[in-house]
Amino acid sequence: MEKPFVYITRQLPKKLIAPLEEIANVEMWGKEEKPVPYEVLKEKSRKATALLTMLSDRIDRALLEEASQLKIVANLAVGYDNIDVEAATKQGIIVSNTPDVLSDTTADLTFSLLLLAARRLVEAAEYIKNDQWKGWSPYLLAGRDVHHKTIGIVGMGNIGRTVAKRATGFDMTILYHNRSRDEKAERELGAMYASFDELITKADFIVCLTPLTAETMNLFNEEAFRKMKSTAVFVNASRGAVVDEKALLKAIQEGEIAAAGLDVFRQEPIAANDPLLTHPHIIALPHIGSSSIETRTAMVELCVENIKRVLKGNTPATIVNR
Ligand code: DGY
């Protein structure tokens with residue numbers, strides 16, 4: 001019997017893929033940093049039993065409807081807004097993601113963005129490298145304190161809770177907003193539930209970790225930024241489209257908020273000349289929330305395990321569409 005075909009949309013370490021090669025014909029898209037063109041992915045999907053995809057791959061209805069052999073799309077991310085899950089479910093195709101294994105790493109990055117923006121650390125690093133440091137002075141690059149301030153976490157999933165845990169070490173007051181109450185976080189971390197409006201008005205640091213859905217698209221708009229403190233720092237480590245980027249830039253330019261730390265953008269990669277990247281109070285990173293060697297390895301292993309399970313007729317460990 002012919003082995004099933006598994007298509008992987010990026011180059012991944014051979015030794016992590018080896019377990020799949022024992023049971024399937026595996027092909028990887030050949031270019032390290034460039035995503036596979038949609039038409040190539042569509043063509044590969046027509047004969048694939050499994051796809052191992054990245055968050056930058058568009059897995060839409062048109063692609064899924066032509067993928068007659070496809071059993072699983074294993075997405076190398078916790079977010080899966082790049083996949084039409086409804087269409088996949090209708091076709092009987094399983095979608096899996098990589099939750100939990102990336103929570104600590106993504107929370108570390110999120111909290112780093114908050115610290116970088118609050119203490120102006122990127123500006124400070126550039127300052128010394130550009131030979132601008134002429135001597136110590138009392139308010140040189142003075143940022144704002146993080147400790148004993150209020151953090152407001154929008155989206156209290158595993159990553160949100162893990163960020164809250166870090167905030168306890170900084171003696172912060174923790175507010176959160178979520179679709180449902182998180183009694184464990186309230187009990188164990190002292191987190192307090194707040195309405196969206198209450199959170200954005202009271203928090204010194206507003207951290208966006210909510211998944212991108214029809215309801216959260218443009219959640220952070222002109223009105224939301226207007227309600228924030230003029231000293232507020234906004235951090236986004238979820239998805240770019242949750243934020244109206246023009247409104248964010250305007251809010252910073254007009255002093256409605258103080259700074260922002262962004263790991264995600266509506267258009268990725270964002271153009272280097274985008275006005276968002278030129279503002280000194282906006283710190284931008286190239287979507288590296290879960291990018292540590294240990295965590296990316298664990299994520300690949302989880303995708304491989306999920307595909308293996310489905311090829312053997314079992315349910316994956318982390319299924320999105322039960
Ligand atoms: C995810 O997994 O969805 C994150 O955005 C990766 O950094």
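Below, the figures for the structure above:
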item	result
Cβ-Cβ FRET estimate between A124 and I293, R0 fixed at 45 Å, reported to 0.05	0.95
Residue-by-residue Karplus 3J(HN,Hα) for region 66-76, coefficients 6.51, -1.76, 1.60, Hz, glycine and proline x	8, 8, 5, 9, 5, 10, 8, 10, 9, 8, 7
S195/E215 FRET efficiency (R0 22 Å; Cβ-Cβ; nearest 0.05)	0.90
Nonlocal Lys pairs with alpha-carbon distance under 12 Å, region 103-284 (8 or more apart, or different chains)	4
C-alpha long axis of helix 38-47 to longest principal axis of the chain, angle in °	40
Under 5 Å, built H, 5+ apart or other chain: amide partners of S96	V73, A74, N75, V320
Restricting region 73-161 to chymotrypsin sites (Phe, Trp or Tyr not before Pro) in coil, as DSSP defines it, with at most 12 other Cβ within 10 Å	W136, Y139
Karplus (6.51, -1.76, 1.60) ³J(HN,Hα), θ = phi - 60°, over region 8-18, in Hz, Gly and Pro reported as x	10, 8, 8, 6, 10, x, 3, 5, 7, 8, 3
Where labels lie 7 Å past Cα in the beta-carbon direction, separation of T173 and L277 in nm	3.8
Derived scalar couplings ³J(HN,Hα) [region 223-240; Karplus, 6.51 cos²θ - 1.76 cosθ + 1.60; whole Hz; x for Gly, Pro]	5, 5, 5, 5, 7, 6, 5, 5, 9, 5, 10, 9, 10, 10, 10, 9, 9, x
Inter-part distance where region 1-49 and region 181-221 are each reduced to a Cα centre, Å	38
Full-extension gain in nm, N321 to S68, via 0.36 nm per residue minus C-alpha separation	89.3 nm
Ranked H279, H148, criterion: other C-beta atoms within 10 Å, fewest first	H148, H279
Listed residues L141, L219, L199, most fluctuating in the chain (Gaussian network, C-alpha, under 10 Å)	L141
FRET efficiency for K31 and E222, using Cβ-Cβ distance with R0 set to 35 Å, rounded to 0.05	0.35
Full-extension gain in nm, S180 to E301, via 0.36 nm per residue minus C-alpha separation	40.5 nm
Residues of type lysines that K44 reaches as a straight line, Cα spacing below 17 Å, ignoring anything fewer than 8 places off in the same chain	K3, K31, K34, K71
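Taken together, the values in this text are just the output of simple stated rules run on the coordinates, not laboratory data. It should be emphasised that the depicted structure is a prediction, and the values quoted were computed from it without experimental measurement. For neighbour counting, all protein chains shown are included, and Cβ atoms are generated from backbone atoms with ideal geometry for every residue, glycine included.
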